[in-house]
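Presented below is the structure to which this report refers.
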Amino acid sequence: TSEGCRRGPAAGLTTLQGADALGAASPKAGVLVAGVIARLVPAWASSPLFFFLPSQMRTRGQGANGQAAAPNVEPPQTARPSQALSSIASENRSLWLWTLAAAGVGALVAFGAAIKEPATRSPVFISSVTGLVAFYGVDALIPTFASKFLKKGIAGKDLNKKGTEHGEVPVPESAGVAVGLVFLVCLAFQQILHTPSSEWLINYNAGLACICFSLFLGFVDDVLDIPWRYKLVLPTFGSLPLLTAYTGHTWIVMPRPLRLVLGVDILELGPLYYLFMAMLAVFCTNSINILAGINGLEAGQTYVIGCAVLVHNLTQLQSLQDPIDNERRDAHLFSVFVMIPLLGSCLGLLKHNWFPSRVFVGDTFTYFAGMTFAVAGILGHFSETLLLFFLPQVINFVYSIPQLFKFPGFPCPRHRLPKCDPKTQLLYPSDCENGWFKNSRGSPHMNCNLVNLALRLGGPCTEPELLHRLLAFQVACCMLGFAVRYALTGVYKDV
């Protein structure tokens, strides 16, 4: 796996900037969501940089010309005592997990309570029980699975700690197996609340089979170390249960600007719609798998996107008017029933995977998490909105194309992680040959992913600081997605 940390104390932690401001930003009644956002990103609010880097850190580890310091030049930082850092890590872990939990619960309560129809509102809150079950189930199962994986040798070393004593400690991989198992059990029980018709039951079971298939393929990838060129194809097989059993419509509502040009309001796509579903499954699965390598990043981005999807579904359920459009209601309720246990599972995983990580999520988690979003977007009929929430993943995928398809001069190593200075625990961008990236003529290209780009634009930083930047960027993009989605309502499409 391309991520890494160890069980217990680890070097490379930093104090969370703006802790006082974070504690003071308690949300007021009626503005819970705004309060949560204010608590989540105060450390970067005053920064002019694209990735919300605090201004006092902008020159850390940089040369006089603003470029990243060469690897043979010791950055102006001192080594950090691991005992003190482990205490800071424990405090920051609890702080961030409570913040993320407040965001998810706040979104569910605030937007769910505004649903007018009791027949729709009641199942939403009843299904929230599965979120709690998923959280405690994952939290309880991961230590058991971790010890078994260690005994079987399914473990890896922290590549972001290479050169330190912590980088030599094996860490259990494939923790996504425990997460996926609990999630599938919760999702199966959700059928009790969501079986409006035999047609929906077929689609529901097909979606569940897709997620289960992807979980299996992800574990196979973790064990067999499948090359990248095959990883891009595997999700296609994972989507087969949904493609073969899909009984929904295969038409799309045309955007208003195109209706006058084409002269139709609804366009029947037929087989092209099935091709679109397969491509969406491939993208969602691989996009999370590609944007990885930092403790907590895979589960963190999944949690943020899941919260955004949940809020979108709840707002759509709020807008239902008499007579109720049952098809639209059932579609968004299905997505709600999928997202709630997913959020609970991710939060339980983050308790063990947040920096300093005690387990690696593995491709097992990224495969099944991506397929879960694809299934929710397809059966919930909001795939365009889903792609807006995936903006960082879209940027990362497009930016990674030269390496993924091995353009001349862009080799694709197995791990495209940053390089760590073992003395300061600062991360620096890496090049295509897994060396230190030097911004000079004739040197290899920088590894093309958002993780290295964040370090290139924002400057070197520790691993938790880099995680904070990337998750803050994910939150900002989801907010932008909402703004674009609702600004175009009535202009681009009717709803």
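The values are calculated or read from the model by the stated rules, or taken from the named source; none is laboratory data. This one's a predicted model, so the numbers in the text were calculated from it and none came from an experiment. Neighbour counts run over all protein chains shown; Cβ positions are idealised from the backbone, glycine included. Note: accessible area is taken over every heavy atom of the protein model, side chains too, but ligands, DNA and RNA are not part of it. Shrake-Rupley method; radii C 1.70, N 1.55, O 1.52, S 1.80 Å.
Listed values, structure above:
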{"item": "Highest average packing first - 97-105, 360-368, 214-222, 202-210, Cβ atoms within 10 Å", "result": "360-368, 214-222, 202-210, 97-105"}
{"item": "Region 111-148-region 444-483 distance, computed between alpha-carbon centres (Å)", "result": "29"}
{"item": "Fraction of accessible area attributable to carbon and sulfur, region 353-495 (%, probe 1.4 Å)", "result": "65"}
{"item": "Two-site label geometry, Asn205 and Ala188: point separation in nm, points 7 Å out along Cα→Cβ", "result": "1.3"}
{"item": "Where labels lie 7 Å past Cα in the beta-carbon direction, separation of Lys148 and Arg414 in nm", "result": "2.5"}
{"item": "Under 18 Å from the Cα of Lys148 - lysines, other chains or at least 8 residues apart", "result": "Lys157"}
{"item": "Hydrodynamic radius by Kirkwood, which averages 1/r over all alpha carbon pairs of region 350-495, in angstrom", "result": "17.5"}
{"item": "Protection proxy ranking of 229-236, 264-271 - average other beta-carbon atoms within 10 Å, highest first", "result": "229-236, 264-271"}
{"item": "Per residue solvent-accessible surface (Å²) - region 296-453, probe of 1.4 Å", "result": "29"}
{"item": "Over region 237-289, volume per residue of the alpha carbon convex hull, in Å³", "result": "93"}
{"item": "Overall form of region 179-249 per C-alpha gyration tensor (a/c, 1.5; a/b vs b/c)", "result": "oblate"}
{"item": "23 Å Cα-Cα threshold exceeded, pairs from Lys406/Lys438; Lys151/Lys423; Lys161/Lys438; Lys152/Lys423; Lys161/Lys351", "result": "Lys151/Lys423; Lys152/Lys423"}
